[in-house]
1. ³J(HN,Hα) across region B:331-336 via Karplus (A = 6.51, B = -1.76, C = 1.60, θ = phi - 60°), whole Hz, x for Gly/Pro?
2. Could you rank the peptides B:98-109, C:128-139, C:78-89 by their average count of other C-beta atoms within 10 Å per residue, with the highest value first?
3. Mind giving me the nanometre distance, one decimal, between the label points for A:SER63 and C:PHE148, set 7 Å out from Cα along Cα→Cβ?
4. Within a Cβ distance under 13 Å of B:ILE351, other residues only, what is the Lys/Arg minus Asp/Glu net charge?
5. Check A:VAL119: other-chain or 5+ apart residues with amide H under 5 Å from its amide H, H built from backbone geometry?
6. DSSP loop (so not H, G, I, E, B), at most 16 other Cβ within 10 Å: list which GluC sites (Glu not before Pro) in region B:208-276 pass both filters.
7. Relative to the longest principal Cα axis of chain B, at what angle does helix B:167-185 sit, 0 to 90 degrees, rounded to 10?
8. Please compute one quarter of the surface area of the Cα convex hull for region B:1-152 and express it in square nanometres.
Amino acid sequence: MGILENAFPEYVVFTQLDRAINWARQNSIHYLTLDLACCGVEMMQVAGGRFDIERFGAVSQVSPRHADLMIVAGTVSHKMASRIRELYEQMPHPRYVISMGSCANCGGLFSWEYSYSTVSGVDKIIPVDVFVPGCPPRPEALLHGLLTLQRRIAGSRVLVRDELRGVDGDA
Amino acid sequence: MAEARTLRLNIGPHHSAAIGPFRVSVETDGEVVLTARPDVGYLHRGIEKIAERMTWTGFMPYTDRIDYLASIHCNLVYALAVESLSEIKAPERAQYIRVIAGELNRIASHLMSIGTLAHHLGAESALLYALRDREKVNNLFEILCGARLTYNYVRIGGVFADVTEGFIEKAYEFIDYLVPKLKEYNDLLSNNQIFVGRLAEVGVVSASEAVSCGVTGPIVRGSGLKYDVRKVFPYCVYHKLEFDVPVGKGEAGKTGDAFDRHMVRIREIEQSASLIKQALDDLPAGDYQTTLPRIFKAPQGEAYASVESPRGTLSVYISSQGEKHPFRVKFRTPSFSVLNLFPAILKDVPISDVTTILGSFDIMASEVDR
Amino acid sequence: METREFFEALEKNFGKAIHPIEDQNGGKFISIGVERDSLKKVLEFCAADSSLRFDFLENMIGIDAGQELQIIYRLVSLSLVHTLNLKVSVDRHSPKMPSAHETWKAAIYYELEIAEMLGISFQGHPEPRKLLLPEDWQGFPLRKDYTFPEEYHSIEHRRAPLRKEHTRP
């Protein structure tokens, strides 16, 4: 995890700071556009005027070193797999992954039964937070995936210790 | 004296200058590129092998994914080849619908390539304009076949569905909207001093070089050669429709530079709009599909078909042993041949021009790799 | 010009190296067979002859036809507007072909693709390498006896099905 988590000794107790941190994290997601195949075009359309992903605070980013979220949009081939892993490792913590489309989810049309050169699912090489189904998913589906991820981030633990979580019913 | 050293720089595979993963490995001396070597295959999915395991009709959705910005053309070329092999004739109405869908798809694809070219040069807003108009084409396709990107609309023996209610009026509306909007693109890009300055006399491709390399489409037309499959080997009903083939004239400097390719795309949008209008006017009544047997088997033999996709000549060779599945399917994709141009064109150019040249070639990684 | 006229022109110059026209399916796709040894000369003739003038190599198709491997050269003349298909057979066990890149530059990448997909080596190719697949890939995918890999660089190729009924025979 990130630098925050282990920055404080045990006798420092936080109660509500997570909310502020998560609020900041979920509303400023810089996503890395990993435009691999057909889904990449729909990912571009999401950034266009009609769907406008920026109203949810998400901005596209070309460098992995400035990105919080990687959207894997398209078929992952064996040749590309090691590069995706490398890009993922360059991203700073905390990092999230959305797998967009059937190919990245499980192989889809190009799963192992049919194609010899593809990886059946990007979750074989990097951990995935949200799967967006569809071939290709509609832009609305990707937006829903982003909102799902934001909800996940809102509920994640950063500084509050496990035994203090859930005292007031949330955190 | 210090030893002269060169630097090997990798552009890609994760880079925005091509649609899809694509790598060019360039050797540079300071700011100047000495040699360039394309490295492809990051999206190789073995579609031609998959074809050998699929039924004739079941392979159609895979053709969408060969060139996902021109799905209709990939569907169409495969359908034409199978129809020619098994002597099926698609009804007249279907032929017209195919032309309409194909030209709409060409508009969508060219809008994307014009937008992304400008985007690579730093003109962010042009891409947003292009995406806005592309959404309108997507809307039309949604009315037509329900899909936004991978249409799977053209089928063996016709099209999947008849033009739905409201499509024809909406298509006329769209054409009336689009043609005046082209002036906006010209004001924003083609007449923009900075844009012209970045494109003029960059990446000059001579016609003879292009032909020898097997390059087709807007690149070879940008070099001044009037080669268009729709004119030379007409298919569907293109021989009944009137259209021009725009060619590069060296308006910004030399014939065959990046600006000529850009202008060819803009003018082709205009031609496509006129083609759609003509096809809509002449759309005959009748059936849109011929019925195929439940288990379709193409007779033994070979067939070949070519169409003009937005990126150039798209052809397919099919071979059948008279069984349920194809024996061999081989696609000739226009972007693949463009790789032959790299050593000659990406030589002695500044690094900053590499993205310009790649953008103006409009390379689709999925088409190169298949 | 028609394929029959091309055949006459080629036979006049190359004699026995040109096989009779194969016409299996009523003139839809006619190809002329050429002996491998004289292929290079035939291709050069096709490109240079003033009545043929094939300036454009549209496609090269590699086929695994069981006993032997085949390559089809699809030639187009942009200036005279005609097409020609030349078919060459090559032995499956030691597949070697002359490279056509001196006649048409377009052949460079077609040959690279055929070489890695079918395992045919092209002699005189300027830059032999793997194109679409990784450098250490085993086997030639478009051969009919190709078996899919179990794993590549410790990534398992197979994916376990979610439920039993999703398995295919």
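Computed from the coordinates by the stated procedures, all read-outs in this text should not be read as laboratory data. This structure is a prediction, so every number in the text was calculated from the model and none was measured. Note: ideal-geometry Cβ built from the backbone for every residue, glycine included; neighbour counts use all protein chains shown.
1. Along region B:331-336, the couplings run 9, 9, 10, x, 5, 4 Hz.
2. In descending order of packing, they fall as B:98-109, C:78-89, C:128-139.
3. The two pseudo-label positions are separated by 4.0 nm.
4. Taking every Cβ under 13 Å from that of B:ILE351, the sum is -3.
5. A:VAL76, A:SER77, A:HIS78
6. Hits after loop and neighbour filter: B:GLU242, B:GLU251.
7. 10
8. 12.5
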